[in-house]
């Protein structure tokens, strides 16, 4: 029987996708937090600037690129104490053959990810 990925497994998958992008773009990881509801997921340095990155695994029908502005403002205020920039990385995840269906362990998945969104 096919088993859906748990929320934690989806979160890890999203973090791996974003982490690979950050690595490819030359970010240096200072802190990584992969537990659900522990923010930010990545604290990273690039060009001598500190970055706080919030990662969310999103499933259909939610919009992967929409974030909670009140929550993100709270994170931004926290980041400001460290003179850090704040980013949101929403990764939409669905089944490989149908984005509207859940991701199944051991099967292909579909991804909707536009990269980091800076919170200004």
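All of the numbers you see were taken from the coordinates with simple rules; none came from a lab. What you see is a predicted model, and the numbers here were worked out from it, not measured in a lab. Methodologically, a virtual Cβ is constructed for each residue, glycine included, from the backbone with ideal geometry; neighbour enumeration extends over all protein chains shown.
Points to keep in mind about this one:
- Binning the alpha carbon pair distances of the chain at 10 angstrom intervals from zero yields the distribution 14, 45, 30, 10, 1, expressed in whole percent.
- Antiparallel bridges, percent of DSSP beta bridges restricted to the stretch 7-118 (to nearest 5): 60 percent
- Per-residue [θ]222 nm for the chain (sum of -39500 (n - 2.57) over DSSP H runs n ≥ 4, rounded to 500): -8000 deg cm²/dmol
- Between helix 7-24 and the chain: long-axis angle, C-alpha atoms, 0 to 90°, nearest 10: 50 degrees
- Approximate spin-label separation residue 8-residue 23, in nm, with each point projected 7 Å along Cα-to-Cβ: 2.2 nm
- Modelled label reach - residue 70, point 7 Å along Cα→Cβ, the stretch 33-51 residues with backbone N closer than 20 Å: 37-40
- 0 to 90° range, to nearest 10: angle between helix 69-80 axis and the chain longest Cα axis: 40 degrees
- Normalised by the number of residues in the chain, the mean separation of alpha-carbon contacts (under 8 Å, six or more apart) gives a relative contact order of 24 percent.
- The calculated FRET efficiency for the pair residue 111 and residue 80, based on their C-beta separation and a Förster distance of 41 Å, comes to about 0.85.
- Highest mean packing first, where packing is the average number of other Cβ atoms within 10 Å per residue, the peptides 9-18, 78-87, 65-74 line up as 9-18, 78-87, 65-74.
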